[in-house]
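Every read-out reported here was derived from the displayed coordinates using simple, explicitly stated rules and does not represent laboratory data. Bear in mind the structure is a predicted one, so any value in this text is a computation, not a measurement. All Cβ positions, even for glycine, are placed from backbone atoms using ideal geometry, and neighbour counts span all protein chains on display.
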Amino acid sequence: MRQEGTIALVTGGNRGIGREVCRQLAAAGHTVVLTARSLAAATDAATGGEVIPWPLDVTSEDSVHRAAEAVAERFGRLDVLVNNAAISYDTWQRAVTADLAVVREAAETNLYGPWRLTQALLPLLRRSDHARIVNVSSEAASLAGMGGGTPAYTASKVALNALTRMFAAELRAEGILVNAVCPGWVATDMGGPGGRPVAEGAAGIVWAATLPDGGPTGGFFRDGRPLPW
Ligand SMILES: NC(=O)c1ccc[n+]([C@@H]2O[C@H](COP(=O)([O-])OP(=O)(O)OC[C@H]3O[C@@H](n4cnc5c(N)ncnc54)[C@H](OP(=O)(O)O)[C@@H]3O)[C@@H](O)[C@H]2O)c1
C-alpha cells in the first residue's frame, strides 16, 4: 500500500538554510519535524503548513533518542532525514596550527551528530516506502580541488562525505537513497554576507530529499548536478 504524505525531519531548522528547507518542504505539502537545539527557537520558526517543532541537539545521545521516540510515537515512520546542522566554519585556522579541540568539537556536531541521528532514525526510515537521507555538505570537502584552510570544518565534511558513501552502499539494496549536497555559498550566519539567497541553496537539498524511486544514491551534488568528490 502506498504511504500517503511525506514525513521529513530537518536538523538546525531554526535559522539559515535548515529553516528554508523546512519552509520549502512544508510548502510542497510535506509534514515537517523542524528541530532545533532550543525548543523556543524551533517553535518560533515552525510556521506555515504542517510543521512540528521539536528540540534536538545532535551532539546529545539522549536528545537524539527522545526525538526518535517522538517520531515513532507520532508517525510510526520517517520518509526524509535532512542532516543540516553544522558548526565551526573556522576561517581563522590553518591545518598546520589548528586547535584540535576545535577540530574535535566540529566533528562532534558535523560528523558524529548526523551519524548518531541517522542510526537512531534508521528503524523508522526502514518503515518508509521511499526513504531519503540528505547530508548537507560543502564543496570545501571536495578532495579533487582541496587546498588549505578551515581545517576543522573541512575535515568534518570530508568525513561526512565518506559516511554518505558508506550509508548509501549499505542501504542501496533497501531502496534508501543517501546523498551529500553542497548548498553553494549562501548568505546565512555561517556563510556571511555576499552569498546567494537561502532559497537557492535550500532548493538543491529539497531536490535530494524528494528524489523519485530509482534516483541517484551515494552522490555529491549542488543544484541537482554532480560535484567531484
Ligand atoms: N552558508 C553557506 O555558505 C554554506 C556553504 C556550504 C555548506 N553549508 C552547510 O549548510 C548547512 C547549514 O548552514 P547555514 O549556513 O544555514 O548555517 P547557520 O546559519 O550557522 O545555521 C546552523 C544551524 O545548525 C544548528 N546547530 C548547530 N549545532 C547544533 C547541534 N549540536 N544540534 C542541532 N543543531 C545545531 C544551529 O542551531 P543554533 O541556532 O542553536 O546555533 C543552526 O540552526 C551546514 O551543514 C553548513 O555546513 C553552508
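Worth pointing out:
- ³J(HN,Hα), Karplus 6.51/-1.76/1.60, whole Hz, each residue of the range 88-94, x for Gly, Pro: 6, 7, 8, 5, 7, 10, 10
- Bridges between two residues of the range 7-226, per DSSP, are antiparallel at a rate of about 10%.
- Global size of the range 88-181: 14.7, 47 Å for Rg and Dmax (C-alpha atoms, Rg to one decimal, Dmax whole).
- Rounded to the nearest Hz, the phi-derived 3J(HN,Hα) couplings of the range 140-147 under the Karplus curve 6.51 cos²θ - 1.76 cosθ + 1.60 (θ = phi - 60°) are 4, 8, 6, 5, 4, x, 6, x, where x marks glycine and proline.
- Assigned charges on the beta-carbon of Lys, Arg, Asp, Glu; the range 1-130 dipole about Cα centre (debye): 200
- Shape box of the range 7-226 [Cα atoms, principal axes, largest first, Å]: 48, 39, 33
- Nearest-20 debye value, the range 7-226 charge dipole, Cβ charges on Lys, Arg, Asp, Glu: 280
- Couplings 3J(HN,Hα) for the range 22-31, derived from phi with the Karplus relation 6.51 cos²θ - 1.76 cosθ + 1.60 (θ = phi - 60°), are 4, 4, 5, 5, 5, 5, 7, x, 7, 7 Hz, where x marks Gly and Pro.
- Segment Asp129-Ala95, extension gain: residue separation times 0.36 nm, minus the distance between their alpha carbons: 7.9 nm
- All other residues whose Cβ lies under 12 angstrom from that of Asn83 are scored, Lys and Arg at +1 and Asp and Glu at -1, for a net of +3.
- Using the Cβ-Cβ distance between Arg74 and Trp229 with R0 set to 22 Å, the FRET efficiency works out to roughly 0.05.
- Amide H contacts for Cys182 (H built 1.01 Å from N in the peptide plane; partners 5 or more residues away or on another chain; cut-off under 5 Å): Ser137, Phe221, Arg222.
- Applying D = kT/(6 pi eta Rh) to the range 1-75, where Rh is the Kirkwood radius over alpha-carbon pairs, T corresponds to 4 °C and eta to 1.567 mPa s, the Stokes-Einstein value obtained is 106 µm²/s.
- Mean separation of Cα pairs under 8 Å and 6 or more residues apart, divided by the residue count, gives the chain a relative contact order of 19 percent.
- Ser38-Ala199 pseudo-label distance in nm [points 7 Å out on the Cα-to-Cβ vector]: 2.7
- Geometric descriptor of the range 14-132, per residue, is 113 Å³ (volume of the convex hull of the Cα atoms).
- One Cα centroid belongs to the range 104-124, the other to the range 152-229; the line between them spans 15 Å.
- For the range 113-205: relative contact order, % (alpha-carbon pairs under 8 angstrom, 6 or more apart): 29
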